[in-house]
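> Before I ask anything, let me first share the structure, which is written out below as structure tokens.
The values are calculated or read from the model by the stated rules, or taken from the named source; none is laboratory data. As the structure is a computational prediction, the values presented were derived from the model and not from experiment. Don't worry about glycine lacking a Cβ; one is built from the backbone with ideal geometry, like all the others, and counts go over all protein chains shown.
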């Protein structure tokens, strides 16, 4: 066996052991409240075959992308300005910092009352959640730009805004990338939480998404195996999102390789 | 004292620079500094570290404003950086996200130096400058893939591509090893055009703490004293151009270097013990 295969085997041995233990404990417990790995796999196959799970994931993803885009469009330019101008930072930073401890889910009541239980409210919550990591990392990236590079650009006669675009942005890109990755992570976390909560408000006939689906399995049909399927799906989608974002950032920064 | 040939390009008149720090006494970096630089002259400023020579250069660049006196280019006050005065920095200041071609063409693409230049003319000038510094073949490399000597060649090509009237160089060779340094001194004089007439050369103000480098490059050497930075002496370097290894071996070169060293030895010594 090759070294790589051996390493994979070693990495998988603990999860497999835990699954076996889970299965054994579940069989011994004889309870409808105890999901079993074998039942979870069967439930996953059902949900994929029926198209319910892929649809729910797509609905959630489209909200995440919309909210993430809104957050980026606001947070990146704002972060660049804050990081490049002491005056802007002094004025805006206290505002950002005073909103930051308010969890995204805590603005849900307002979002629902203003925007209803549909996509708009979900997008707002995602945008709110993703905004903070993106803006904070962008500020730190913009502040960390090597000052000699800024001086070099200004001795070539570039005006200030042009320097931000041609020097600050690329120099801060690694830090912005970190902000985007963290932002994407919290956006995905926030959408599941938001859909769960919107589900509670809207009942069974809400607006879909993986969180809403979990809510239905929890509150109406009480299907633990399917809830576990949703949880695993949430985790896998998060991993895939991060991998995609890392790939995109690598392509954007050929010099960093 | 040194003599000036030709029209005056840069003028520092009774220039002072004070850095105020909250709660502490202000530092006087430069005091009553007066110096004229002629069109096409290669002027080198030497002095021990901390003598304010970089501050003088920054004021010429427009990166710093003097607290007293005036700094002028062609009789006009220098108030901010501008493309007529190109700067070369000790730590290269290359943009890591741009390859060699992108770095050399940066000022032409984004700055006023490239205004009114068609993109093919711009590309040609960039390539000419890359060839000029001997980096053809490395156009697509990124700075982190280059040696220190090559990086400074890129910085020189970028400087030349913008075609500034005045070249301001802040210890550009200080971070290089001794051999690379000698080679780049020769290259610098070749690219500056030491075999051309003075009227068609660019004006250079070059900062260094290396006396042999100063003598090898300069038409005149300005010697500075420390804290506050003042002009101590202006020394003509009558060595014939083009200069080469034979120049370095000449008795005249040695004597001039010795003389300048004798002017700053005491202060340089003090700078190492305080």
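> How about the range B:194-217: which of its residues are part of a loop (DSSP other than H, G, I, E, B) and modelled with pLDDT of 95 or more?
To start, the set of residues in the range B:194-217 that are part of a loop (DSSP other than H, G, I, E, B) comprises B:194-197, B:201-202, B:209-210.
Those that are part of a loop (DSSP other than H, G, I, E, B) and modelled with pLDDT of 95 or more: none in the range B:194-217.
> Right, next: Look through B:160, B:169 and report the one residue that is modelled with pLDDT under 95, outside any loop (DSSP other than H, G, I, E, B) and under 14 Å from the mean Cα position of the chain (by Cα).
Values: B:169 fails: modelled with pLDDT under 95.
Criteria check complete, one pass: B:160.
> OK, next. Only one of these is part of a strand (DSSP E or B) and more than 21 Å from residue B:210 (Cβ to Cβ): B:23, B:16. Name it. Please lay out each step first, then the result.
Details: B:23 fails: part of a strand (DSSP E or B).
Answer to the check: B:16.
> Also, quick follow-up: If we scan the range B:237-252, do we find a residue that is assigned by TED's automatic domain parsing to the domain that holds residue B:59, buried (at least 21 other Cβ atoms within 10 Å of the Cβ) and part of a helix (DSSP H, G or I)?
Checked against the condition, which is being assigned by TED's automatic domain parsing to the domain that holds residue B:59, buried (at least 21 other Cβ atoms within 10 Å of the Cβ) and part of a helix (DSSP H, G or I), the range B:237-252 yields no hits at all.
> Only one residue in B:178, B:218, B:174, B:214 is buried (at least 17 other Cβ atoms within 10 Å of the Cβ) and farther than 13 Å from residue B:41 by Cβ. Which one? Quick ask: steps written out before the conclusion?
Working: B:178 fails: buried (at least 17 other Cβ atoms within 10 Å of the Cβ); B:218 fails: farther than 13 Å from residue B:41 by Cβ; B:174 fails: buried (at least 17 other Cβ atoms within 10 Å of the Cβ).
Step by step, each of B:178, B:218, B:174, B:214 is checked, and only B:214 is buried (at least 17 other Cβ atoms within 10 Å of the Cβ) and farther than 13 Å from residue B:41 by Cβ.
> Within the range A:143-159, how many residues turn out to be touching a residue at least 24 places away in the same chain (Cβ under 8 Å) and facing another protein chain (nearest Cβ under 9 Å)?
We begin by selecting, within the range A:143-159, every residue touching a residue at least 24 places away in the same chain (Cβ under 8 Å); these are A:143-146.
Checking the rest, the ones that are also facing another protein chain (nearest Cβ under 9 Å) come to A:146.
Matching residues across the range A:143-159 total 1.
Residues are listed down the side, and each one gets a yes or a no for (1) in a helix (DSSP H, G or I); (2) in contact with a helix residue (DSSP H, G or I) (Cβ under 8 Å, 6 or more places away or on another chain):
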site	(1), (2)
B:181	yes, yes
B:190	yes, no
B:223	no, yes
B:254	yes, no
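> Identify, by number, the condition in (1) facing chain A (nearest Cβ under 8 Å); (2) buried (at least 20 other Cβ atoms within 10 Å of the Cβ); (3) within 23 Å of the chain's Cα centre (by Cα); (4) part of a loop (DSSP other than H, G, I, E, B) that residue B:92 doesn't meet.
Here residue B:92 meets the rest and fails (1).
> Could we say that residue A:88 is within 20 Å of residue A:176 (Cβ to Cβ) and surrounded by fewer than 18 Cβ atoms within 10 Å (Cβ to Cβ) here? Quick ask: steps written out before the conclusion?
Values: within 20 Å of residue A:176 (Cβ to Cβ): yes; surrounded by fewer than 18 Cβ atoms within 10 Å (Cβ to Cβ): yes.
In short, yes.
> What pairs come up if the first residue lies in the range B:139-151 and is more than 14 Å from every other protein chain (Cβ to nearest Cβ) and within 17 Å of residue B:89 (Cα to Cα), the second is at pLDDT 95 or above and assigned to a loop (DSSP other than H, G, I, E, B), and their beta carbons are under 7 Å apart, counting only those six or more places apart or on different chains?
Pairs found: none.
> Take residue B:223 and decide whether it is at pLDDT 95 or above and buried (at least 17 other Cβ atoms within 10 Å of the Cβ). I'd like the intermediate steps shown before the answer.
On the way: at pLDDT 95 or above: no; buried (at least 17 other Cβ atoms within 10 Å of the Cβ): yes.
No, not satisfied.
> Regarding residue A:8, is this residue surrounded by fewer than 15 Cβ atoms within 10 Å (Cβ to Cβ), outside any helix (DSSP H, G or I) and at pLDDT below 90? Full working, then the answer.
Values: surrounded by fewer than 15 Cβ atoms within 10 Å (Cβ to Cβ): yes; outside any helix (DSSP H, G or I): no; at pLDDT below 90: yes.
No; evaluated as a whole, the condition is false for this residue.
> Taking the range A:208-239 as the region of interest, how many residues are in contact with a helix residue (DSSP H, G or I) (Cβ under 7 Å, 6 or more places away or on another chain), over 19 Å from residue A:61 (Cβ atoms), assigned to a helix (DSSP H, G or I) and without any contact (Cβ under 8 Å) to a residue 40 or more places away in the chain?
Residues that pass the stated criteria total 2.
> Among (1) crowded, with 23+ Cβ neighbours inside 10 Å; (2) within 14 Å of chain A (Cβ to nearest Cβ), which single condition is residue B:65 missing?
Result: residue B:65 passes all but (1).
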